[in-house]
1. Averaged across B:87-95, how many Cβ atoms of other chains sit within 10 Å of each residue's Cβ atom?
2. Within 10 Å, count the other beta carbons around each residue, average over each peptide in A:35-45, B:20-30, and list them highest first.
3. What average number of partner chain Cβ atoms lie no more than 10 Å from the Cβ of the residues making up A:99-110?
4. Using the Karplus curve 6.51 cos²θ - 1.76 cosθ + 1.60 with θ = phi - 60°, work out ³J(HN,Hα) for each residue of segment B:62-73 in order, rounded to whole Hz, and write x for Gly and Pro.
5. For B:F48, what residues show an amide H to amide H distance below 5 Å, using hydrogens built from the backbone and excluding near sequence neighbours?
6. Cα convex hull of segment B:38-111: mean projected area in nm², to one decimal?
7. Treating only the Cβ of Lys, Arg, Asp and Glu as charged (+1, +1, -1, -1), what charge dipole size does segment B:10-111 show about its Cα centre? Round to the nearest 20 debye.
8. Round to the nearest 0.05 the FRET efficiency obtained for B:S20 and B:R96 when R0 = 30 Å and r is the Cβ-Cβ distance.
Amino acid sequence: TQLLEQSPQFLSIQEGENLTVYCNSSSVFSSLQWYRQEPGEGPVLLVTVVTGGEVKKLKRLTFQFGDARKDSSLHITAAQPGDTGLYLCAGEVVTSYDKVIFGPGTSLSVIP
Amino acid sequence: SQTIHQWPATLVQPVGSPLSLECTVEGTSNPNLYWYRQAAGRGLQLLFYSVGIGQISSEVPQNLSASRPQDRQFILSSKKLLLSDSGFYLCAWSPRAGPQHFGDGTRLSIL
């Protein structure tokens, strides 16, 4: 069974703090996505990483794909209340239909 | 650009009633289509996926079914809803090789 684990499950921080959330698996992925979801809405794609060791930056968000393409991290600098939401990682497994598995998510709350 | 529409946004149904949730995609051809259910504030459970018209694969046995009558239309159905069918349902599309993009979801409450 292919699983994606995310840690921490819940995170509550003050505005201005930095944080890192992690996504780990024993499986190798051809690509990995990070999504952010607000309550009552669908997940919104933030980034796709495809190369082992790749680092992508999106304003205050930094995404890294592990060298072995089994894990990833999301680092947020100077968190703002607008960063509040559920962060989901999803790994694409190479199969006949390019199966994607989702992690359980990290629920982030940034307190003003 | 591609867009995905999912409706209704919220739905309240009595136990034993039928269900039909619809999802359509615009601006692309021959997409992969997906139905997910999400527990409150948690991860996604894949219910069905489709790689083409009339081609449906089910990931988990359940009270629901899916159909794809047209290339960019995906329908989630049930003949008789159970209390356990309550939840947040998400439709998504992806190109043959690429990330999934989600609709805004349907909040289904069973009374």
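Coordinate-derived values only; no laboratory data. What you see is a predicted model; the values in this text were computed from it and never measured. Glycine gets a Cβ as well: all are built from the backbone with ideal geometry, and neighbour counts include every protein chain shown.
1. Values: counts 0, 4, 0, 4, 1, 3, 0, 4, 1.
For this peptide, the per-residue mean of nearby foreign Cβ atoms is 2.
2. Numbers: A:35-45: 17.4, B:20-30: 15.5.
Descending packing order for the listed peptides: A:35-45, B:20-30.
3. Averaged over the peptide's residues, the number is 3.
4. 6, 8, 10, 9, 9, 9, 10, x, 9, 4, 10, 10
5. Here the answer is B:W35, B:E59, since their amide H atoms fall under 5 Å of that of B:F48.
6. Values: hull surface 21.8 nm².
Averaged projected hull area, Cα only: 5.5 nm².
7. Numbers: 8 positive and 6 negative charges, 34 e Å.
The dipole magnitude comes to about 160 debye.
8. Numbers: r = 28 Å, r/R0 = 0.92.
It comes out at approximately 0.65.
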